[in-house]
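Note sheet for the following structure.
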Amino acid sequence: MKIIACLDDNNGLLFNNRRQSRDRVVIEDILKDCHNSKLWINNFSKSLFDSPHVNISEEFLNEACESEYCFIENVNLKPYEKYIDEIILYKWNRVYPTDFYFDINLSTWNLTQVTEFKGNSHERITKEVYKK
């Protein structure tokens, strides 16, 4: 399974059960990457995506197949780590208030790609791709 997440500089995902930020260009890039595969999300992320290729389920991490993508915002990944073979992170390059963090230690993963681009609401967004 391939995981996609958006993080601040402290690996934060949420604050007070709300996403830290959003960016239209990031969502477009995610949909472009997933165009030939399924993208799984839960109801929390539904407002971000308007695409027929998006599957919505509260059990999406249990339902996604090996080659499919899962966009996460409000779930812990540690119990699913052995099923993950790729992690795609979009980094906001700033610090936001946070109380819910990305819980995978990437020190044993291989960083295979780094791309920077200008977002809609962020001057610089960094996309990092990690593989086992």
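Miscellaneous remarks
- Taking every residue in segment 112-131 that is within 10 Å of residue 93 (Cα to Cα) and modelled with pLDDT of 95 or more and pairing it with any residue that is small (Gly, Ala, Ser) and not in a strand (DSSP E or B), at least 6 positions away or on another chain, the pairs with Cβ-Cβ distances below 8 Å are 125/119.
- Test for residue 104: is it assigned to a strand (DSSP E or B) and either over 12 Å from the mean Cα position of the chain (by Cα) or farther than 18 Å from residue 44 by Cβ (or both): no
- Residue pairs whose Cβ atoms lie under 9 Å apart, separated by 6 or more positions or on different chains, with the first residue in segment 43-69 and within 19 Å of residue 85 (Cβ to Cβ) and the second in a helix (DSSP H, G or I) and at pLDDT below 95, are 69/33.
- Considering 70, 65, the condition of being more than 26 Å from residue 25 (Cβ to Cβ) and among the hydrophobic types (A, V, I, L, M, F, W, C) is satisfied by 65 alone.
- Segment 59-74, subset farther than 11 Å from residue 43 by Cα, modelled with pLDDT of 95 or more and of a type outside the set (A, V, I, L, M, F, W, C), residue nearest to the chain's Cα centre (by Cα): 69
- Close contacts from segment 86-107, counting a first residue that is closer than 17 Å to residue 2 by Cβ and among the aliphatic types (A, V, I, L, M) and a second that is in a loop (DSSP other than H, G, I, E, B) and modelled with pLDDT of 95 or more, with Cβ to Cβ under 7 Å and a gap of 6+ residues or different chains, come to 87/104; 87/109; 104/77.
- Looking across segment 51-63 at every residue that is of a type outside the set (Ser, Thr, Tyr) and in contact with a Leu (Cβ under 9 Å, 6 or more places away or on another chain), the one that is surrounded by the fewest Cβ atoms within 10 Å (Cβ to Cβ) is identified as 53.
- Total residues in segment 32-44, condition crowded, with 18+ Cβ neighbours inside 10 Å and closer than 12 Å to residue 4 by Cα: 4
- Residue tally, condition over 13 Å from residue 34 (Cβ atoms), part of a loop (DSSP other than H, G, I, E, B) and either at pLDDT 95 or above or small (Gly, Ala, Ser) (or both), over segment 47-58: 2
The values are calculated or read from the model by the stated rules, or taken from the named source; none is laboratory data. Just so it is clear, the structure is predicted and the values come from calculations on it, not from any experiment. When we count neighbours, we look across all protein chains shown, and the Cβ atoms used for this are built from the backbone with ideal geometry, even at glycine.
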